[in-house]
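Chemist: One structure, pasted below without further comment.
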Amino acid sequence: MIIGVPKEIKEEEKRVAITPAGVSAFVSHGHRVLVEKGAGLGSGILDRSYDGTGATVADSATEVWRQADLIMKVKEPQPSEFPFLRSGLTFFSYLHLAASEEVTRILCSKKVTAVAYETIQLEDGSLPLLTPMSEVAGRLALQVGAWCLQAENGGRGILLGGASGVRPGKVVILGAGIAGANACQVAAGMGAYVSILDVNPSKLRYIHDILGGHVTTLMSNRANLEEEVVDADLVIGAVLIPGAKAPRLLSRTLVKLMKPGAALVDISIDQGGCAETSRPTTHHYPIYVEEEVVHYCVTNMPAIVPNTSTYALTNATLSYGLEIADKGLPKAFKENGALARGLNIYDGKITHAGVATAFGLALTPLKEVISG
Ligand SMILES: NC(=O)c1ccc[n+]([C@@H]2O[C@H](COP(=O)([O-])OP(=O)(O)OC[C@H]3O[C@@H](n4cnc5c(N)ncnc54)[C@H](O)[C@@H]3O)[C@@H](O)[C@H]2O)c1
């Protein structure tokens, strides 16, 4: 199979879909890989790093799209890429089709087969191609939170790790899932006082088991939440109710009660945010001050660390890409249920219920496609 890796062209997107190690894996399985010139630059990967792996570095996006059977990208097709979509092409990337009727309709009308990173789902319900980005966002929350606390950004001028003879800062993490647990590990490693709240006791037990006495684990209820938040230097919002808006845990009144110059990093902002005062920001203008609290509410946090994010993402996507290339369609879907759940559109027919429902379009049962 010919695998194409175009350069990402969406604003603020600097990741690339396959690293040189990933290219080597495809080549060793007998496939050909075309990487667009400069595709890795945003992630610090030079063209010559791809050269040595057996990839062909192509001069233009047109060359990559025209020859590829399978396009691997990070983001959904952009309008300038629509003319490249065609019947027989398999497209594999983050798609979020239920949020974009335009992209859904164009993929259908061009009879493309589209597999979405975010809907690949294991038997236990987990989403293996979303996990790495939650991990990155959780770890990054401490880095940006520490920056928010610096005086020139409106923060309290607190160093989270403290100094000898000086108390460390207090970090309060809401949600002990993937992002929250990763934030917790980094906060504890920095030497901050850390408390973490969740409604799920098994999530708290896991944190308690791995970090022991370095972290205080608390059930998330009104009393605990208020007591912790008003005493915090940095609050990190990392809550999620799957398929719903983030729960509003911090009312404006509670934010007002926080210390002046405290910081709130609301990772859950991509699901609406966990504070009444949260509103989406971008990497160009990541923070604003409201109720004397520095808010950081960037919806695509991993984009600011494209090198790490590229490696974390491609570690997770590679095996699925290889399976599609090795087995072809529909065999790959037949033999891997997780991958089949990632199929959103097959040959122009919508196979994902969420996407069909979102726009009132016809749904073709997955079974029909897989057995075909
Ligand atoms: N901003 C970004 O760039 C970015 C990047 C990656 C992920 N995210 C978002 O971060 C959020 C967390 O993702 P995740 O992968 O860690 O999810 P997750 O499902 O692993 O964890 C969410 C946790 O929130 C807990 N929770 C739910 N209601 C709660 C409540 N009332 N109080 C306390 N805890 C509660 C759940 O029990 C769960 O443990 C999601 O909204 C995700 O979309 C944002």
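Chemist: When residues of the stretch 349-372 are filtered for being touching a strand residue (DSSP E or B) at 6+ places or on another chain (Cβ under 8 Å) and not β-branched (Val, Ile, Thr), how many remain? Can you show your working first?
Modeler: Within the stretch 349-372, the first condition is being touching a strand residue (DSSP E or B) at 6+ places or on another chain (Cβ under 8 Å), and the residues that meet it are 350-352, 355-356, 361-364, 366, 369.
Okay, now just the ones that are also not β-branched (Val, Ile, Thr), so 352, 356, 361-363, 366.
Within the stretch 349-372, residues that are touching a strand residue (DSSP E or B) at 6+ places or on another chain (Cβ under 8 Å) and not β-branched (Val, Ile, Thr) number 6.
Chemist: If you take the residues of the stretch 249-272 that are within 9 Å of the ligand (Cβ to nearest atom) and assigned to a loop (DSSP other than H, G, I, E, B), which of them is farthest from Leu159 (Cα to Cα)?
Modeler: Applying the filter and picking the extreme gives Gly272.
Chemist: Moving on. For the stretch 163-191, which positions are buried (at least 20 other Cβ atoms within 10 Å of the Cβ) and over 26 Å from the mean Cα position of the chain (by Cα)?
Modeler: If the condition is that a residue be buried (at least 20 other Cβ atoms within 10 Å of the Cβ) and over 26 Å from the mean Cα position of the chain (by Cα), then Gly169, Lys170 are the ones that fit.
Chemist: In the list Glu135, Glu102, Glu123, which residue meets the criterion of being within 11 Å of the ligand (Cβ to nearest atom) and charged (D, E, K, R)? I'd like the intermediate steps shown before the answer.
Modeler: Working: Glu102 fails: within 11 Å of the ligand (Cβ to nearest atom); Glu123 fails: within 11 Å of the ligand (Cβ to nearest atom).
None of the others qualify; the one that does is Glu135.
Chemist: Next question. What is the number of the single condition among (1) crowded, with 20+ Cβ neighbours inside 10 Å; (2) touching a residue at least 60 places away in the same chain (Cβ under 8 Å) that Ala332 does not meet?
Modeler: Exception for Ala332: condition (2).
Chemist: Say we look at the stretch 295-309 and pick out the residues that are buried (at least 21 other Cβ atoms within 10 Å of the Cβ) and near the ligand (Cβ under 9 Å from one of its atoms); which of these is farthest from Lys10 (Cα to Cα)?
Modeler: Just the residues of the stretch 295-309 that are buried (at least 21 other Cβ atoms within 10 Å of the Cβ), to begin with: 295-298, 301-303, 306, 309.
Narrowing the set further to residues that are near the ligand (Cβ under 9 Å from one of its atoms) leaves 297-298, 301-303.
Values: Cys297: 20, Val298: 16, Met301: 15, Pro302: 14, Ala303: 11 Å.
Among them, the one singled out is Cys297.
Chemist: May I pose another question? If you check Ala176 against the conditions, is it within 13 Å of the ligand (Cβ to nearest atom) and outside any helix (DSSP H, G or I)?
Modeler: Judged against the criteria, Ala176 is a match.
Chemist: So, Ala192, is that one within 15 Å of Arg139 (Cβ to Cβ) and either more than 15 Å from the ligand (Cβ to nearest atom) or not basic (Lys, Arg) (or both) or not?
Modeler: yes
Chemist: Identify the residue in the stretch 206-248 that is in a loop (DSSP other than H, G, I, E, B) and either touching a Gly at 6+ places or on another chain (Cβ under 7 Å) or basic (Lys, Arg) (or both) and, among all such residues, is farthest from the ligand (Cβ to nearest atom).
Modeler: So in the stretch 206-248, the residues in a loop (DSSP other than H, G, I, E, B) come out as 220-221, 231-233, 238-248.
Checking which are either touching a Gly at 6+ places or on another chain (Cβ under 7 Å) or basic (Lys, Arg) (or both) leaves us with 233, 238-240, 245-246, 248.
Values: Asp233: 19, Ala238: 5, Val239: 4, Leu240: 4, Lys245: 9, Ala246: 6, Arg248: 9 Å.
Filtering the stretch 206-248 for residues that are in a loop (DSSP other than H, G, I, E, B) and either touching a Gly at 6+ places or on another chain (Cβ under 7 Å) or basic (Lys, Arg) (or both), the one farthest from the ligand (Cβ to nearest atom) comes out as Asp233.
Chemist: Is the stretch 221-237 home to any residue that is surrounded by fewer than 14 Cβ atoms within 10 Å (Cβ to Cβ), more than 15 Å from Ala263 (Cβ to Cβ) and of a type in the set (Lys, Arg)?
Modeler: yes
Chemist: Here is a follow-up. Given Val289, Val265, which one is touching a strand residue (DSSP E or B) at 6+ places or on another chain (Cβ under 6 Å) and over 12 Å from Met133 (Cα atoms)? Outline the logic, then answer.
Modeler: Numbers: Val289 fails: touching a strand residue (DSSP E or B) at 6+ places or on another chain (Cβ under 6 Å).
Criteria check complete, one pass: Val265.
Chemist: Just to verify a result, which residue in the stretch 273-294, among those that are within 13 Å of the ligand (Cβ to nearest atom) and crowded, with 18+ Cβ neighbours inside 10 Å, is modelled with the lowest pLDDT?
Modeler: Gly273
Chemist: I need a count of the residues in the stretch 41-54 that are of a type outside the set (Phe, Trp, Tyr) and free of Cβ contacts under 8 Å to residues at least 40 places away in the same chain. Outline the logic, then answer.
Modeler: The first filter runs over the stretch 41-54 and keeps only residues of a type outside the set (Phe, Trp, Tyr), leaving 41-49, 51-54.
Now drop any that are not free of Cβ contacts under 8 Å to residues at least 40 places away in the same chain, which leaves 41, 46-49, 51-54.
Counting residues in the stretch 41-54 that are of a type outside the set (Phe, Trp, Tyr) and free of Cβ contacts under 8 Å to residues at least 40 places away in the same chain gives 9.
Chemist: Can you say whether Gly348 is under 23 Å from the mean Cα position of the chain (by Cα) and surrounded by fewer than 16 Cβ atoms within 10 Å (Cβ to Cβ), as far as the supplied structure shows? Steps first, please.
Modeler: Numbers: under 23 Å from the mean Cα position of the chain (by Cα): no; surrounded by fewer than 16 Cβ atoms within 10 Å (Cβ to Cβ): yes.
No; evaluated as a whole, the condition is false for this residue.
Chemist: Does any residue of the stretch 160-170 turn out to be outside any loop (DSSP other than H, G, I, E, B) and either under 25 Å from His352 (Cα atoms) or within 15 Å of the ligand (Cβ to nearest atom) (or both)? Reasoning before the result, please.
Modeler: Here is the first cut: in the stretch 160-170, the residues outside any loop (DSSP other than H, G, I, E, B) are 163, 166, 170.
Those still in the list that are either under 25 Å from His352 (Cα atoms) or within 15 Å of the ligand (Cβ to nearest atom) (or both) too: none.
The answer is no; no qualifying residue exists.
The values are calculated or read from the model by the stated rules, or taken from the named source; none is laboratory data. Everything quoted here is computed from the prediction, not taken from an experiment. Quick reminder, even Gly has a Cβ in these numbers, built from the backbone with ideal geometry, and neighbours come from all protein chains shown.
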